[in-house]
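Shown next, in C-alpha cells, is the structure this report addresses.
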Amino acid sequence: VNGSMFNRRFVHDDIASFDSSVDLPDMVLVRSDISDEGTFQGDAEFDSNPNSSIGTYGGIFGGTNAASVGGSVFLSIPNNDRDPTTADQELGVFVLTQCGQTGDDALCDTLN
C-alpha cells in the first residue's frame with residue numbers, strides 16, 4: 001500500500017486566534033505490505049520532506065476482491081512556529097472504493 005493525501009484543510013471556528021480555514025501540506029503514506037488478512041500499517045511523511053516520519057497509518061481491505069478499503073492516520077506534527085517543544089495532533093479516517101467499481105472517485109479517471 002502507498003498513497004498520498006492532498007487538498008488537506010484545517011477548519012476551526014471556535015478559536016479566535018486561528019484563521020477559520022488553513023491549507024495543510026500534502027502528505028505521503030509510505031509503502032507498506034498487506035498481510036494475508038488484508039490489513040496494513042506504515043509510516044506517514046510530508047511529501048516535501050521524504051524520510052521524515054510524522055506519524056502512522058493503518059487499515060484493512062474488505063468486500064469482494066477487496067473492492068473497499070478503510071483506515072486511519074495519526075500524525076504528530078511539531079509546531080515550531082508557536083512552541084517547538086510541543087506537537088499538533090491530527091487524527092483522520094478514510095474509506096475508499098477501488099477504482100473501476102461502482103462509487104469510485106472521479107480521481108480514478110486520471111490514474112494509469
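Bear in mind these aren't lab numbers, they're just calculated from the coordinates by the rules spelled out. Remember, it's a predicted structure, so these values are computed and weren't measured experimentally. Virtual Cβ from ideal backbone geometry, glycine too; neighbours counted across all protein chains shown.
A Förster radius of 25 Å, combined with the Cβ-Cβ distance separating Thr85 from Leu24, puts the computed FRET efficiency at roughly 0.70.
Computed 3J(HN,Hα) for the stretch 31-39, one whole-Hz value per residue from the Karplus formula 6.51 cos²θ - 1.76 cosθ + 1.60 where θ = phi - 60°, is 3, 9, 7, 9, 6, 4, 8, x, 9, glycine and proline marked x. Rounded to the nearest 0.05, what FRET efficiency do Asp33 and Ser68 have when you use their Cβ-Cβ distance and R0 = 25 Å? The calculated FRET efficiency here is 0.85.
Its Cα centre serving as origin, the stretch 43-112 has a Cβ charge dipole (Lys and Arg +1, Asp and Glu -1) of approximately 200 debye.
Between beta-carbons, use under 9 Å as the cut-off and find the net charge around Leu75, counting Lys and Arg +1, Asp and Glu -1.
Details: positive: none; negative: Asp88, Glu90.
Net local charge, Leu75 excluded: -2.
Of the GluC sites (Glu not before Pro) found in the stretch 34-108, those that fall in a DSSP loop while having at most 10 other beta-carbon atoms within 10 Å are Glu37. Restricting to DSSP loop positions (anything but H, G, I, E, B) with no more than 12 other Cβ atoms inside 10 Å of their own Cβ, which chymotrypsin sites (Phe, Trp or Tyr not before Pro) remain in the stretch 18-72? Filter output for the stretch 18-72: Phe18.
Cβ-Cβ distance of Arg9 and Asp43, R₀ of 30 Å, FRET efficiency by 1/(1 + (r/R0)^6): the value works out to about 0.85.
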